[in-house]
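Let me begin by presenting the structure, written as C-alpha cells, before commenting on it.
Each value in this text was obtained by applying a stated rule to the coordinates, not by laboratory testing. Only a predicted model underlies this, so the values are computations on that prediction, with no experimental measurement involved. Neighbour counts are summed over all protein chains in view; Cβ atoms, including those assigned to glycine, are modelled from backbone coordinates with ideal geometry.
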Amino acid sequence: MSTEMYQTPMEVAVYQLRNFSISFFSSLLGGDVVSVKLDNSASGASVVAIDNKIEQAMDLVKNHLMYAVREEVEILKEQIRELVEKNSQLERENTLLKTLASPEQLEKFQSRLSPEEPAPESPQAPEAPDGSAV
C-alpha cells in the first residue's frame, strides 16, 4: 500500500480504514476484494464511490441479518405454539386425573411432592383416633 501521496496521518488512516472496510465486507460476502487507489486529483469522486460501496455492503449484511432473525423468530413462535398446546393438554390430563383419584391417593401424592407443606384439606369427614369417621 502506497501512502506517500497523503500528507497527514489522518489522510493515511482514512485511506487504510476504507480499504479495510471494503476488504472486510467483500470477504464477508464472498466476493473478490476490491482494491481502491486514491489520488489527490480524483479523491472526491473516489471517496463517494467508496462510501457507496461500503453502504451497499452494509445494507446487504443488514438484510441478511434481518432475514436470519425473522427466520429464527418464526421458529421460536412455532415452538411456543407447540409448548402452549402441550401445556394445555397436560393441564387437562392433570385435572382429569385429580377428579378420578381418591382423596387418599391425592393426599399421598401431595405428601410426596412437598413434605414440609401441609396437605390441602379434603372435603371428607375427619377420622376419630379409633379409625372411624366422626
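For region 38-113, the Kirkwood radius over C-alpha pairs fed into Stokes-Einstein at 4 °C and 1.567 mPa s yields D = 71 µm² per second.
Projecting label points 7 angstrom from Cα along Cα→Cβ for Ser114 and Gln56 puts them 6.5 nm apart.
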